[in-house]
Amino acid sequence: MDLSYTPEEEDFRARLRDWLAKTLPDLPPKPSPGDWPGRRAYDLGWQRRLHDAGYADVHWDGTPGVRLIFLEETEKAGAPYVGANFVGLLHAGPTIAAEGTDEQRARWLPPILRGEEVWCQGFSEPEAGSDLAALRTRAWRDGHDYVVSGSKIWTSHAEVADWCELLVRTDPEAPRHRGITWLALPMDTPGITVRPLRTLAGSAEFAEVFLDEVRVPVRNRVGEENDGWRVTMVTLSFERGTAFAGEVVACRRVLAELAVEARENGRWDDPALRRRLGRLNAEFRALWRLTQWNVSAAEASGGVPGAGGSVFKLRYSQARQELYDAAAEVLGPDCLDLDRPWTLDRLSSLSYTIAAGTSQIQHSIIAERVLGLPKGR
């Protein structure tokens, strides 16, 4: 597989760099981390700028090289991350593009790309996290609607979302993987209660969502009834395979900054630390190559990432935690100061071996789907 960039892709890089250099100085100040309405407005505003400049659909319609160049250049330039647009751009949108009807794609995809609507993810439940197929949120048909009751937890950006990609159980008698349906839920529907959850880092990007006989039109179903598990695997393949790609570039930037800090504060004299940072440099270079391979392989197989995404997710989660452990070593006692760079990132990194499927789940996926080992009993 050729992972080099074409002349056309390098031309795209040059145009993007020029646009970023002209655009970023005019951005308004970032809102505070706890101001989610402000962050929603900021993130949607950035997405609208991308849309108006012709860069909004890079994640979906660009070549693998164009997508990776976009991630490289925007991160290196310090451009805003997708933020509140994370689920819509990197989870729900690609899933609808792959599995939705023409009408669904026409309704939901343009507002995501134009920076008009935010999506959240309603998958996990109090007793169905890594074992997602154990979900209990129930939906039954009533004419042209599903009536939904249950609860979700760790719902990203629910307090500012317009839509929710929602998993429900539509056939409680079927084997648990076969009775699940994927719905698009309008978050202003009567019967929805959202309760923000505060994380260890002090932010509240997650929430509990309670659903009390919420009516969802049948036309909002993506895929067939009771075929939601297959559609969910498409969503999770995007989440694990490509959604974290930009963060690899960010980690490489942080690693370079750590080396500068270590030279300035004298900790660079420790040969063990230098070896640690050198190994992490090799680790993230390899992860970027794996990202290139995964994106290219997905393009060759119809646009949906495969089980290689689990290989990436497993190793990236661990490498990110190791990176911020190294940051704590570089900072020394200052690593307890929440106002110092990297301190809050270190706290948030603890979630990466849990979010988007625990590392234990990724081990099982790799064992069964990559190595062909038998399922455990």
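The values are calculated or read from the model by the stated rules, or taken from the named source; none is laboratory data. Worth saying up front: this structure is predicted, and the values here are computed from it rather than measured. So basically every Cβ, Gly included, is an ideal-geometry build from the backbone, and we count neighbours across all protein chains shown. Keep in mind that these areas ignore ligands, DNA and RNA; they rest on the heavy atoms of the full protein, side chains included. Shrake-Rupley method; radii C 1.70, N 1.55, O 1.52, S 1.80 Å.
If you go through the range 171-193 and keep only what is touching a strand residue (DSSP E or B) at 6+ places or on another chain (Cβ under 6 Å) and open to solvent by 50 Å² or more (accessible area, probe 1.4 Å), you end up with just THR193. Of the listed requirements (1) at pLDDT below 85; (2) surrounded by 17 or more Cβ atoms within 10 Å (Cβ to Cβ); (3) touching a Ser or Thr at 6+ places or on another chain (Cβ under 9 Å); (4) not in a helix (DSSP H, G or I), ALA243 misses just one: (3).
Evaluate the following for THR74: is it open to solvent by 40 Å² or more (accessible area, probe 1.4 Å), more than 21 Å from TRP108 (Cα to Cα), touching a residue at least 12 places away in the same chain (Cβ under 8 Å) and β-branched (Val, Ile, Thr)? Criteria not met by THR74. Selection of the range 91-106 for residues being at pLDDT below 95 and among the hydroxyl-bearing types (Ser, Thr, Tyr) yields only THR95. Does at least one position in the range 293-305 carry a residue that is part of a helix (DSSP H, G or I), modelled with pLDDT of 75 or more and of a type outside the set (Gly, Ala, Ser)? Yes, the range 293-305 has at least one match. When we screen GLU224, GLU205 for residues that are more than 14 Å from GLN121 (Cα to Cα) and not small (Gly, Ala, Ser), the only hit is GLU224. Taking the criterion of being surrounded by 15 or more Cβ atoms within 10 Å (Cβ to Cβ) and within 19 Å of the chain's Cα centre (by Cα), the residues of the range 30-40 that qualify are TRP36, ARG39, ARG40. Selection over the range 129-160 of residues that are among the charged types (D, E, K, R), touching a strand residue (DSSP E or B) at 6+ places or on another chain (Cβ under 7 Å) and open to solvent by 30 Å² or more (accessible area, probe 1.4 Å) gives a count of 4.
Please find, among PHE86, PHE70, the residue that is closer than 27 Å to THR291 by Cα, in contact with a helix residue (DSSP H, G or I) (Cβ under 6 Å, 6 or more places away or on another chain) and of a type in the set (Phe, Trp, Tyr). Unique residue meeting the criteria: PHE70. Taking residues in the range 45-60 that are closer than 11 Å to ILE112 by Cβ, and partners anywhere that are among the small types (Gly, Ala, Ser) and open to solvent by 20 Å² or more (accessible area, probe 1.4 Å), the pairs with Cβ atoms closer than 6 Å and at least 6 places apart or on different chains are TRP60/ALA97.
The set of residues in the range 102-128 that are part of a loop (DSSP other than H, G, I, E, B), touching a residue at least 40 places away in the same chain (Cβ under 8 Å) and open to solvent by less than 40 Å² (accessible area, probe 1.4 Å) comprises GLY115, GLU117, VAL118, PHE123. Restricted to the range 340-374, and to residues there that are more than 23 Å from the chain's Cα centre (by Cα) and at pLDDT 75 or above, the residue that is most open to solvent (accessible area, probe 1.4 Å) is PRO374.
Within the range 129-147, the set of residues being outside any loop (DSSP other than H, G, I, E, B), at pLDDT 95 or above and not charged (D, E, K, R) comprises ALA139, TRP140, TYR146, VAL147. You will find that of ALA134, ALA174, ALA161, the residue that is within 19 Å of the chain's Cα centre (by Cα) and of a type outside the set (Val, Ile, Thr) is ALA161 and no other. Taking the range 1-78 and the helices (runs of 4 or more DSSP H) fully enclosed by it, the elements with 3 or more residues that are among the aromatic types (Phe, Trp, Tyr) are at 36-53.
Residue-by-condition table, conditions (1) at pLDDT 95 or above; (2) outside the structural domain of ALA286 (by the TED database); (3) within 30 Å of ARG67 (Cα to Cα); (4) surrounded by fewer than 21 Cβ atoms within 10 Å (Cβ to Cβ):
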position	(1), (2), (3), (4)
LEU211	yes, yes, no, no
VAL218	yes, yes, no, yes
ARG221	yes, yes, yes, no
SER237	no, no, yes, no
ALA256	no, no, yes, yes
ALA259	no, no, yes, yes
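Name the single residue that is farthest from ALA245 (Cα to Cα) among those in the range 56-78 being among the acidic types (Asp, Glu) and over 17 Å from the mean Cα position of the chain (by Cα). Checking each candidate, the answer is ASP61.
Report whether or not ALA98 is small (Gly, Ala, Ser) and surrounded by fewer than 18 Cβ atoms within 10 Å (Cβ to Cβ). In short, no.
What do you reckon, is PRO271 touching a residue at least 24 places away in the same chain (Cβ under 8 Å), loosely packed, with under 15 Cβ neighbours inside 10 Å and more than 22 Å from the chain's Cα centre (by Cα)? Considered against the rule, which asks whether it is touching a residue at least 24 places away in the same chain (Cβ under 8 Å), loosely packed, with under 15 Cβ neighbours inside 10 Å and more than 22 Å from the chain's Cα centre (by Cα), PRO271 comes out as no.
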